[in-house]
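See structure below.
The values are calculated or read from the model by the stated rules, or taken from the named source; none is laboratory data. No experiment lies behind these values; they were computed from the predicted model shown. Counting neighbours? That spans all protein chains shown, and the Cβs are built from the backbone with ideal geometry, glycine included. Protein only, heavy atoms only, side chains kept; ligands, DNA and RNA dropped before computing areas. Shrake-Rupley method; radii C 1.70, N 1.55, O 1.52, S 1.80 Å.
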Amino acid sequence: MKRRIAILAVLALTIPCSATVFTVDDDGPADFQSIQAAIDASWHGDTVVVKQGTYTEPISFGGRQITVRSDNPDDSATVQNTVITADSDAGVVFDFSETKESVLTGFTITGAGIVCIGASPTLRNNVIRDCAGVGIKGQDDAKPTIFGNQILANAMEGIHSCDGLIQGNTISGNLAGVAFCDGSILDNTIFHNADAGGLYSCSGEIAGNVITDNYAPAEGGGLFECAGPIHNNVITGNRAGTQGGGLYACTKAIYNNTIVGNRAGEAGGAISQCPGAVYNNIIAFNEAPDGAGLHGGAANTYNAFYSNAGGNFGGGAASGPGDMAIDPKFA
């Protein structure tokens, strides 16, 4: 009999139960009025569907591999009207080694942002705005997948220390756009971030982004000390108080970018102090008193330089093999 009970116990743990959908409504008929209460009642594979309303509570997934979503995560009006707000240090917490199967989608999160501690959840189609600190913060090797979110007007960085994929987001109006992130940063629009620029000390691949109108009071208005390959981006209209309006001290290959209309107060309107391979870029209409196109030695080849106010080269930079002064003929 004891052996039979033990076998049944093991089967109960190994045979998956059918997933449950829990509903949450703060002012109407539903399974729960609190998001956290619904999460606490759930288990792996379940879904928590949250009706429109404002939920004044911090929430924690507690290690559960579940989806917490609004009624329609793909509808902007629904996302705008399904709000999580909290006065605590974090509005949403992942700190039990959550994986990509832990999904948060379709919410506006404000007041306090998202914190991932040693966790790698999926954050998709959310608006994270007007938070007192960082929009999405990682700690202890956190690798969240951050896809299709709007990360806006947060008091500190939009995304900080998150080493998972960052793709297809709009990141604007923060202290800095993306900082200390080592995963791939792909196909984002990163603009109007002030005081620490667009991307700060990021080490993964940076590709397919529009990085525009960011500002840093010293170096690197667009990108500062990024150590991954930088390619196929539009880098335009960024400003730096001293050097590197577009890029400063980026160490890996910089290629196939359009680097146009950036400004620096002292040197390197487009690129400054980037010693790696710089090739196949359009570098035009940038401004700086010295080396408005390229400032500082680099392995530069086959770039198109045009109408950089302050000269195409400075600080030891010189025209390399295949470099040309030619009108890019923008439409």
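A compact table of results
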| quantity | calculated |
| --- | --- |
| Viscosity 0.890 mPa s, temperature 25 °C, Stokes-Einstein D of segment 157-217 from Kirkwood C-alpha radius, µm²/s | 227 µm²/s |
| Alpha-carbon centroid distance for the pair segment 200-214 / segment 263-293, whole angstrom | 16 Å |
| FRET efficiency, ASN72 to ALA325 (Cβ-Cβ, R0 41 Å, nearest 0.05) | 0.20 |
| All aspartates and glutamates inside 15 Å of LYS252 as judged from Cα atoms, apart from same-chain residues fewer than 8 positions distant | ASP182, GLU205, GLU225 |
| Ellipsoid semi-axes in whole angstrom, largest first, where each is sqrt(5λ) of the Cα gyration tensor of segment 152-300 | 21, 16, 12 |
| Mean shadow area of the chain over all directions, Cα convex hull, nm² | 19.6 nm² |
| Dimensionless Rg ratio for segment 86-181, taking C-alpha atoms and the 2.2 N^0.38 Å reference | 0.91 |
| Nonlocal amide H pairs with GLY113, under 5 Å, H built at 1.01 Å | GLY91, ALA132, GLY133 |
| Relative packing of 94-100, 186-192, 320-326, which averages over residues the other C-beta atoms within 10 Å, highest first | 186-192, 94-100, 320-326 |
| Estimated vicinal HN-Hα couplings, Hz - segment 183-198 in sequence order (Karplus 6.51, -1.76, 1.60; Gly, Pro = x) | x, 6, 10, 10, 6, 9, 10, 10, 8, 6, 9, 10, 6, 9, x, x |
| Candidate aspartates and glutamates for bridging to LYS329, where Cα separation is under 19 Å - those fewer than 8 sequence places away on the same chain excluded | GLU287 |
| With DNA, RNA and ligands ignored, accessible area of TYR200 (1.4 Å probe; Å², nearest 10) | 70 Å² |
| Packing rank of 169-181, 80-92, where each peptide gets the mean count of other beta carbons within 10 Å, highest leading | 169-181, 80-92 |
| Integer Hz, Karplus 6.51/-1.76/1.60 couplings in order for segment 238-250, x for Gly and Pro | 8, 9, 10, x, 10, 10, x, x, x, 9, 9, 6, 8 |
| Karplus-derived 3J(HN,Hα), 6.51/-1.76/1.60, for each residue of segment 113-124, Hz, glycine and proline x | x, 9, 10, 10, 10, x, 10, 9, x, 9, 10, 9 |
| Probe 1.4 Å - accessible area at VAL115, Å² to nearest ten | 20 Å² |
| Net charge of Cβ neighbours under 11 Å - reference THR78; Lys, Arg +1; Asp, Glu -1 | -1 |
| Furthest towards positive pole of dipole, THR189, LEU152, TYR215, structure part the chain, Cβ charges | THR189 |
| Between 0 and 90°, nearest 10: helix 2-14 axis offset from the chain longest Cα axis | 40 degrees |
